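The next block holds one structure in the form of structure tokens; read it before the comments.
Rule-based calculations on the coordinates, nothing more; no lab input. Remember, it's a predicted structure, so these values are computed and weren't measured experimentally. Note: ideal-geometry Cβ built from the backbone for every residue, glycine included; neighbour counts use all protein chains shown.
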């Protein structure tokens with residue numbers, strides 16, 4: 001079997017870029033929301049919980065449709081962002097990243113939230129009696145202790161982004177070189193005669209990337225766990 | 001005043017209403033579980049915000065709810081040694097010890113790392129992870145960590161409760177050195193009379209959220225009525241004695257107290273060592289005449305200084321034996337039949353078994 005064609009390479013590079021950006025951009029909001037949901041006591045916590053989990057249960061096409069009417073050029077959020085900051089999502093790779101980030105968000109939040117629940121809050125009390133301001137307690141006690149959960153969440157988010165199809169294609173379509181990620185490209189190959197070779201090659205690439213990501217996360221998590229609990 | 005505490009706090013069905021003052025080097029908060037000891041230390045450290053309180057440590061007002069003063073917990077400078085150690089699992093022993101240092105100004109650092117490590121005997125553990133330490137080692141590191149944050153007061157919430165007797169015995173000497181050389185006043189939460197008898201200079205007794213007695217350890221521990229059932233059997237007089245000689249032939253050590261000499265099973269301490277001895281009230285028999293033909297080795301002559309209020313069938317008879325206080329718990333019936341009353345000369349007969357090693361503490365300079 002011959003190597004990847006330039007178009008296929010473009011799809012691979014784009015997928016990696018979209019997934020990395022989606023994961024990185026959702027990391028800090030993910031940690032914040034996980035804390036709010038796990039530790040916060042406020043009105044509307046249940047509603048926020050449901051909202052965060054919606055992408056997990058809704059058909060991806062529905063999420064893509066919501067994004068299209070909300071973040072499209074004429075959507076309320078999309079128009080505002082385009083005018084004020086020049087940020088455009090519709091039919092751009094940034095839109096693909098947004099769709100992937102939202103689809104992976106519940107997975108990210110769940111993983112981090114579980115690790116926050118497992119933190120012994122008595123350790124945080126101990127740190128504060130030793131003179132640590134709450135911000136420092138978070139930085140030097142809580143954060144290191146939840147690091148395994150954060151890594152797990154990041155890997156899940158990345159993996160979800162690599163495989164995201166429905167929301168992405170609905171929101172930003174499948175424009176080669178701009179929004180055509182690996183899954184979109186595979187789908188496109190299956191729609192044309194003689195596309196089996198390309199579909200097979202991209203499928204193999206996607207398997208390799210998934211396995212590599214899983215292996216990397218396992219390795220990182222084991223290292224961190226050794227540091228945190230050994 | 002080292003510690004001036006007055007707290008009113010409700011937590012579900014439990015109501016705490018406690019106030020006490022202490023100037024002791026080591027103040028013990030004593031009481032059964034649920035009596036409010038931990039709530040008090042949590043309020044002092046800031047981990048619990050009491051409904052109404054005034055808490056002053058070393059003349060620094062930490063809480064005064066009438067004036068809306070509440071110093072945040074991270075600025076209180078109150079060291080806290082928890083029952084379960086609570087070492088940070090992701091840091092090695094050295095970094096656990098230095099944790100408080102990250103948050104103190106250079107000028108405020110007085111505790112020397114080397115001195116604390118040396119005092120607690122943890123130099124060989126510095127590069128270890130907390131999970132590889134034994135229970136006793138963990139507690140010593142936890143004590144060191146609290147000390148190195150340069151606290152103005154050290155709170156210890158039953159720091160030895162999770163340890164077996166052997167581990168406790170390993171830590172007592174460190175706590176004694178800390179009390180006598182550390183220069184930081186200590187509040188120790190405990191429900192063991194033996195522990196308090198050994199370590200405390202002041203005692204506050206709590207019951208169901210109220211203070212029922214407070215004062216110097218020797219004063220408080222002389223009254224069995226302050227202590228509930230299990231504790232009562234352990235209560236008694238604390239007297240200071242020196243090792244005067246060892247009787248190798250009989251494997252005994254002879255102690256000299258103001259009250260007289262006391263023979264006890266051979267101790268390892270060298271001659272001249274000062275020891276604190278607890279004479280349990282229930283182990284003392286009173287006799288009007290000097291006893292003869294008795295197997296007990298220790299008989300202290302003295303006279304009755306006062307008789308506590310009777311409680312059920314028993315009553316505490318307070319004695320003065322050559323200036324040392326001794327207390328005997330006898331029946332009301334005996335008091336009547338022997339005609340015991342203040343001023344009467346009596347002999348206190350002490351069963352040697354009463355000298356349990358746990359109660360034999362090396363005394364500091366200004367205890368009792």
Where a ≥ b ≥ c are the square roots of the eigenvalues of the C-alpha gyration tensor, would you call chain B rounded, which needs a/c under 1.5, or, failing that, prolate if a/b is larger than b/c, or oblate?
-> oblate
Return one number: the angle in degrees, 0 to 90 and rounded to the nearest 10, between the long axis of the Cα atoms of helix A:76-85 and the longest principal axis of the Cα atoms of chain A.
-> 80
Can you give the extra length, in nm with one decimal, that the chain gains between residue A:41 and residue A:80 once fully stretched, where that is 0.36 nm per residue apart less the Cα-Cα distance?
-> 10.9 nm
For the Cα atoms of chain A, what angle does the longest principal axis make with the long axis of helix A:93-117, in degrees from 0 to 90, nearest 10?
-> 30
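Can you work out the FRET efficiency for the pair residue B:169 and residue B:66, with r the C-beta to C-beta distance and R0 = 41 Å, to the nearest 0.05?
The computed FRET efficiency comes out at 0.35.
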Number of partner chain Cβ atoms within 10 Å, mean per residue of B:6-16 = 0
What average count of beta carbons from other chains do you get within 10 Å of the Cβ of residues in A:135-147?
-> 2
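Calculate the FRET efficiency for residue A:65 and residue B:105 from the Cβ-Cβ distance with a Förster distance of 56 Å, rounded to the nearest 0.05.
On the way: r = 58 Å, r/R0 = 1.03.
It comes out at approximately 0.45.
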Ranking B:10, B:137 by Cβ neighbours within 10 Å, fewest first, what do you get?
-> B:10, B:137
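Taking 25 Å as R0, compute the FRET efficiency from the Cβ-Cβ separation of residue B:127 and residue A:226 and round it to 0.05. Don't skip to the answer; put the middle values down first.
On the way: r = 15 Å, r/R0 = 0.61.
Efficiency computed from Cβ-Cβ geometry: 0.95.
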When chain B is treated as a GNM, springs tying every alpha-carbon pair under 10 Å, which of B:270, B:151, B:50 comes out with the largest mean-square fluctuation?
-> B:270
Tell me, what is the percent relative contact order of chain A, built from C-alpha pairs under 8 Å that lie six or more residues apart?
-> 30
If the chain between residue B:244 and residue B:295 were fully extended at 0.36 nm per residue, the gain over the current Cα-Cα distance would be 16.2 nm
Helix B:135-147: angle to the longest alpha-carbon principal axis of chain B, degrees 0 to 90, nearest 10?
-> 70
Once label points are set 7 Å from the Cα along Cα→Cβ at both residue B:274 and residue B:311, what is their separation, rounded to one decimal in nm?
-> 3.1
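From the Cα gyration tensor of the range B:82-129, with a ≥ b ≥ c the square roots of its eigenvalues, which class applies: rounded if a/c is under 1.5, or else prolate if a/b is larger than b/c, or else oblate?
Working: a/c = 1.77, a/b = 1.28, b/c = 1.38.
Since a/c reaches 1.5 but b/c is at least a/b, the shape of the range B:82-129 is classed as oblate.
At 25 °C and 0.890 mPa s, grab the translational diffusion coefficient of the range A:174-230 from Stokes-Einstein with a Kirkwood Rh over Cα pairs, rounded to a whole number in µm² per second.
Taking Rh from Cα pairs, D becomes 183 µm²/s.
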In nanometres, the difference between 0.36 nm per residue of separation and the alpha-carbon distance of residue A:53 and residue A:5 is 13.5 nm
As a check on your grasp of the helix formula, calculate [θ] at 222 nm for chain B: sum -39500 (n - 2.57) over DSSP H runs of n ≥ 4, divide by the residue count, round to the nearest 500.
-> -5500 deg cm²/dmol
Based on the alpha-carbon gyration tensor of chain A and its eigenvalue square roots a ≥ b ≥ c, which shape applies: rounded if a/c is under 1.5, prolate if not and a/b is larger than b/c, or oblate?
-> oblate
